[in-house]
Amino acid sequence: MSKKSEFPTSESIDLVQSIQYADGSIVSKTLADHKNGSLTLFAFDAGQGLSEHTSPYQAVVQILDGESLWTVGGQAATVASGQWIILPAKVPHGVQAKSRFKMLLTMIHS
């Protein structure tokens, strides 16, 4: 997994094909890492998840494939392929894979 210090420009990327599922695992791939934010792809196998946690930064999660169950500030939301969810800074959130799913996490460092 290589990190890029700048956001990709003038480059077409097939996000769904850029990361593969792994049985019983969560796979991540950093696309860009910059002082102003980052772009990271994730592939969750069915049943995998992240326990509730907080981040100092606001984030946008775009679901690229599959279906996920999010809890944000105590509210549950199902988010599926083609949908997105905003994770406010300093608000507890967690996720569970209802089925295998892929997502793009955009962290906004401001």
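Tabulated data for the structure shown
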read-out: Filter result (in contact with a Pro (Cβ under 9 Å, 6 or more places away or on another chain), at pLDDT 95 or above and outside any strand (DSSP E or B)) within the stretch 64-110; value: 73, 74, 89, 90
read-out: The stretch 6-47 - residue that is in contact (Cβ under 8 Å) with a residue 60 or more places away in the chain and of a type in the set (S, T, N, Q) and, of those, surrounded by the fewest Cβ atoms within 10 Å (Cβ to Cβ); value: 36
read-out: Output for the stretch 82-110, where each listed residue is open to solvent by 80 Å² or more (accessible area, probe 1.4 Å) and of a type in the set (Gly, Ala, Ser); value: 110
read-out: Single residue of the stretch 59-81 satisfying the filter (in contact (Cβ under 8 Å) with a residue 40 or more places away in the chain and of a type outside the set (Gly, Ala, Ser)) that is most open to solvent (accessible area, probe 1.4 Å); value: 62
read-out: Residues satisfying the stated conditions in the stretch 28-58, i.e. of a type in the set (Val, Ile, Thr), within 26 Å of residue 74 (Cα to Cα) and in a strand (DSSP E or B); value: 40
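The values are calculated or read from the model by the stated rules, or taken from the named source; none is laboratory data. Keep in mind that what you see is a predicted model, and the values were worked out from it rather than measured. For neighbour counting, all protein chains shown are included, and Cβ atoms are generated from backbone atoms with ideal geometry for every residue, glycine included. These area figures cover heavy atoms from the full protein model, side chains too; ligands, DNA and RNA do not enter into them. Shrake-Rupley method; radii C 1.70, N 1.55, O 1.52, S 1.80 Å.
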